[in-house]
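Colleague: First the structure, which I've put down as structure tokens, then a few questions once you've had a look.
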């Protein structure tokens, strides 16, 4: 068994004290960055790269540090989702749906503990998957051509109707709005400027992070301002994280399913952690249906997406390391780091740099255990940062959002854009049009369109290419089944209420 | 970006015992925008040059590489024009591919919008197929294309009518494809040479036309078969075994030089000092080494000479584009 | 996303023909505008699917669904009262002004003033606002400028000393 021998060798590398310390630093910093609203894994890893260079770290050490930050951010993102109802990063979006209601009911600690365990299981399953299946999955990813990717994106939007418990119509309106906003800027294929109206700043499109921070953080503050809060805010009781350990046992099915779905969407380049957590949540909600209380604080609604997004984070490393194709923004930055250290990821990496690859894999296993320890007994420490009085917390959120968004491009235009999205998000919330589909549309729209056009270029303009492969047809059938199942379920529920 | 270089007392790095190296120039280059996803040619240009700037102590600390994909460089071009026109610590990677876009009016501005710093070397076009492809030679492939241009899907990292596409079309024309048939050849754009090759390995496209530097790893690993290199003479090792198109009887060459521009409002002094830094880098042995490893031939043009060369390049590509019918 | 409670329990939720109809009309206009404007995108050389196709593909369902909303409006959350609206406007104006002067004044001065006023608007007493605002401004400056190494705008007249 070659893999085990390599893995043992990897553990020998990763357990050197220097690397253990780096993993610990990475995990702690990552959790903190992930927990702060608006700062996600992309920012976290990007911020650490100059530091890694400044410390003169060798490639293996730098990679261990940055990947620990990456995993840490994925853990941390859930904290502000649960405590503040603001996703710390984009994949943690789904965790707000049941995490925050749990916190409002005084089960915040349980939610944090449960999500830590779910994250741990998801990430560990993905890391095991990375160890075992890297060569096999390379073949699967290659089978996905543009037409199959387009089908995958359609699947994501077909399931959108049930993201929130709002109306079907409004969810789809939100998705279309997001997709339309995603076309603003220079078209990557024809270089034609679309919907920019001559504004230079719009040429590079609407920055996803700017929109996300506006739609969530700023609109949250506007909601808060509706009423006077003289004394103190509706206090979210956190409690201990330990009950989460037991409740995670009762959610083991959700965690397992979420991990598998997340892992697969992570492996597919371009899909990534957001899709992983989204599909995990949706499928869990559809599968369990009436047996769950999704949207009102069902623990399984926290467990599934957290397992999903952490599994996706691990899965995304597979195409990055084995094909040199980043599956997400964060792995793109990790890839960039490898390249700048003169290491070319690709089919040869596992053969040429076994100590580095397997050292990294071993470090992921170790980092996961560290993160579990940091996130169960010590989670209160991280959450306490977010438990300050609201007159302090809200301005802090706004200012961090401001500075974070400003430092993306050093552009005040981005700040106005963020405010505009804040107002848009607020109005949409009042209209009960969910904001999550807007963000997903904005996030996935570009690749969805690009893959559609690639598919059409391959076929020379023949639309039938979209349904020309077994994989595409399978995905479409699945999407239609989900829509029908959702509609039937909604009808049954309505009849029962009457 | 108002960014001063006064020594910052209390900088945590100092506390950790890391000194800042003193700088020679007033405004060293500390950021390079690669207008593409990681892994492609522009990304490589930024990363290798950025790393050498650090190694040769031509800058403080490190050169940050920012990936800004979109519109084959148009997004980065407009971003710099709109937001960072006077940033004298910033450079942007470009190449013949970018010139093609300007020549065809696909950037929101012409050559005069920017200040052109220097080129450091040139890359060369390659035509690849999967190692299990039915096409064993360039002749076989081109015959198939001439017989039925719609039977082959060609992919590359530029858009339809971009430099990668033009090079493939020049070959097809040299093999006798009539001008009115050019539009029948299918062209598929990916975000870089790497993704294009991966999709070819999955049988979604048949042929890839791109730069050697973007796919050197795949060539070395033997996952792809090189049918033709678009250089006049065979390349130096390790790519000396690859056949050129010229040696197979198709008189087509297609180079892709690698260089940098900066914003149009950068002062003359800062501009001169940036060009000087790049010239020092070019003269180093390390650059020669990095270039050779990646299939680049070192070649220097800087400052005013480079600026007029850029204008010339644009005119030349415009003429070719017209001839092939990309623009009217 | 706090609209998860059941109908009977949520006092903030009500049938809202006016809000939804206005939204439906605005979105319908947006979809029509997007459709119309997409025809001005010139299709490039040899592209079976041009730059206008996808926006049209999206604006079609957007238009249809908006029209549906126009005729079959649903529920809205309660809109804010006049005092709430005033607070929101004040905060938005303050933030817009802050974004406007950030580069002109430099990060520290702009943020000191901005943070104190913002904290006050969020319900702190003046004393609390002074302390918290100053702390926030300085803390953020130290965190980003030194801790994370991301340069923030300097005070211009102190220049590059």
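Colleague: So in chain B, what percent of DSSP beta bridges are antiparallel if you round to the nearest 5?
Modeller: Within chain B, antiparallel bridges account for around 65 percent of the total.
Colleague: Which angle between 0 and 90 degrees, to the nearest 10, do you get for helix B:138-147 versus the longest principal axis of chain B when only C-alpha atoms count?
Modeller: 60
Colleague: If you take the alpha carbon radius of gyration of segment C:82-147 and divide it by 2.2 N^0.38 Å, what ratio comes out, to two decimals?
Modeller: 1.15
Colleague: Could you work out how far helix B:163-174 tilts from the main Cα principal axis of chain B, as a 0 to 90 degree angle to the nearest 10?
Modeller: 30
Colleague: In degrees between 0 and 90, to the nearest 10, how far off the longest principal axis of chain B does helix B:268-283 point, with axes built from Cα atoms?
Modeller: Rounded to the nearest ten degrees, it is 60.
Colleague: Mark the label point 7 Å from the Cα of residue B:131 along Cα→Cβ and return the residues of segment B:223-243 whose backbone N is within less than 18 Å of it.
Modeller: B:223-228, B:238-243
Colleague: Now for a different question. Once you have a ≥ b ≥ c as the square roots of the Cα gyration tensor eigenvalues for segment A:428-468, tell me rounded if a/c is under 1.5, and otherwise prolate or oblate according to whether a/b is larger than b/c.
Modeller: Here segment A:428-468 falls in the prolate category.
Colleague: Which of rounded, prolate, oblate describes segment C:16-140, given a ≥ b ≥ c as roots of the alpha-carbon gyration tensor eigenvalues and a/c under 1.5 marking rounded, otherwise prolate only if a/b is larger than b/c?
Modeller: Oblate shape, in that a/c is at least 1.5 and b/c is the bigger or equal ratio.
Colleague: What is the mean number of Cβ atoms from other protein chains located within 10 Å of the Cβ atom of each residue in peptide B:67-79, rounded to a whole number?
Modeller: Shielding by partners across B:67-79 averages 6.
Colleague: Need one value for A:217-225: mean number of C-beta atoms belonging to other chains within 10 Å of its residues' C-beta atoms.
Modeller: Partner-chain Cβ atoms within 10 Å, mean over residues of A:217-225: 5.
Only the coordinates and a few stated rules stand behind these numbers; no lab work does. Bear in mind that the values here come from a model prediction, so they are computed numbers and not experimental data. All Cβ positions, glycine included, derive from the backbone under ideal geometry; neighbour counts span all protein chains shown.
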